[in-house]
Structure formats: C-alpha cells, structure tokens
Amino acid sequence: AQSVAQPEDQVNVAEGNPLTVKCTYSVSGNPYLFWYVQYPNRGLQFLLKYITGDNLVKGSYGFEAEFNKSQTSFHLKKPSALVSDSALYFCAVRDMSGGYNKLIFGAGTRLAVHP
Amino acid sequence: GAGVSQSPRYKVAKRGQDVALRCDPISGHVSLFWYQQALGQGPEFLTYFQNEAQLDKSGLPSDRFFAERPEGSVSTLKIQRTQQEDSAVYLCASSSRGPFGDTQYFGPGTRLTVL
C-alpha cells in the first residue's frame, strides 16, 4: 500500500534562514509526489509535484523539493524563509490502484518562521 | 479564473440531522474528489467522480455518506443522521484529465461541527 510519512510535527526556523520540511514515501512502482500548503481556514494550495525527470523540482513561492529515490524521500526546501511561509505543509503520493490519481497525504508539518 | 468553491463554509448540525455540502469544481474539470480532514490530520480520500460517474467510493466511512454529481459538474456530499465523529473539514478537489499525475486543486473546505 502507498504511504507517506512526515516525521516532524513542527519545524521552527528564523526568518532568512533556509528551511527543510521532510517527507518519506513508500510506493509500489514509480512515485508521483506532491506538496501542498494549508493556511488557517483555507483549503490546500498546490506547491509543486514530481512526476519524472529532474530530481530537483521548483514550485510556487520560491519552494523546491528534492526527489531522492534511494532514500525514498521528497523533502521540501526554501533557501530563505519568510514569516509569511508559516503554515501547515502536506506531502502526498498518488495512489493509482484505482486507475486514477487519488492522493494519500501525510499527517502534515507545521512550519513556524520567527522574525 | 475561478477556483474550486464550496458551500457552506461552516455548518453546525445537531446529532441526527442530515446535511448537504456543495462543491463547484473548476469549469471543465473532469475529475472530482472528496476528502475528509479530521482535526490535526491530513486529508483522507472519500470518493471520486469522473464526469457524472462515481468510480470509487471506497473511502466513505459508512452508508450514511452519499455523494452525487448528476450532470458532471457540481457535486453534493450528503451525510444522513450525523454523528459527532463526522465533525471534520470536508474538502473538494478537481483536476483536468491528463496522462500523468494531474494536479488536484482544492476548495476552501466546509467545516462541519456536529453537536
């Protein structure tokens, strides 16, 4: 069965410092991986996805993610954090068992960026 | 263009009441998904429509949950005889049909509180 793990409940980082939010996955076959962000009382906003190709994927708002097949990881990164990046981040993997892209989400990581 | 919209944004129901949650997907999007997000957790898949056909309802927690998309556009998730454990945010997502890993775009969600 497909699954995603986000090992950190919360990540704290100072504004201007680089940030990393971790995600590991378990899938059969090639993984299709996604990152979404959720602000309070808002739905999920798409940040980026990995389907195939370059292991470094660039997305919205300056975020990027690195796909590492040997470590089964897809960590989200940003070179310089902003206070406005504070939000809940979800990693997801596509479950194709039904023949379409149902998403399996991790439990989420809360990012807190301090001034 | 307009994104996915959901209504109502907030719903308070007494235990035993029936509720109906509406989703308006992005115009032209073939695929529509419903997810349930319990407090402090990641979204969990409920059901999937391709146009008007409900192809997967494996995530619906009980036979009290029913979803429809009669004309292949607007969808309604209905919960009969609500219970306290139904309290959650219900998210709708839509995606266009494509060959690989189409991005799902989420609405703001409906927060259901069952008293």
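The values are calculated or read from the model by the stated rules, or taken from the named source; none is laboratory data. Being a predicted model, the structure only gives us computed values, none of them experimental. Virtual Cβ from ideal backbone geometry, glycine too; neighbours counted across all protein chains shown. The accessibility values were calculated without ligands, DNA or RNA, using every heavy atom of the protein model including side chains. Shrake-Rupley method; radii C 1.70, N 1.55, O 1.52, S 1.80 Å.
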Of (1) modelled with pLDDT under 95; (2) loosely packed, with under 15 Cβ neighbours inside 10 Å; (3) hydroxyl-bearing (Ser, Thr, Tyr), B:SER7 fails just (1)
Sole miss for B:THR82 among (1) touching a residue at least 60 places away in the same chain (Cβ under 8 Å); (2) assigned to a loop (DSSP other than H, G, I, E, B); (3) open to solvent by 20 Å² or more (accessible area, probe 1.4 Å) is condition (3)
Exception for A:TYR50 within (1) within 16 Å of the chain's Cα centre (by Cα); (2) of a type outside the set (A, V, I, L, M); (3) exposed (fewer than 12 other Cβ atoms within 10 Å of the Cβ) falls at (3)
Checking B:GLY72, B:GLY109, B:GLY59, B:GLY40 in turn, the sole residue that is within 12 Å of another protein chain (Cβ to nearest Cβ), without any contact (Cβ under 8 Å) to a residue 60 or more places away in the chain and at positive phi turns out to be B:GLY40
Residue hits (the stretch A:13-45; within 30 Å of B:ARG9 (Cα to Cα) and assigned to a strand (DSSP E or B)) are A:VAL21, A:LEU33, A:PHE34, A:TRP35, A:TYR36, A:VAL37, A:GLN38, A:LEU44, A:GLN45
For the stretch A:60-109 the number of residues that are outside any loop (DSSP other than H, G, I, E, B) and in contact (Cβ under 8 Å) with a residue 60 or more places away in the chain is 14
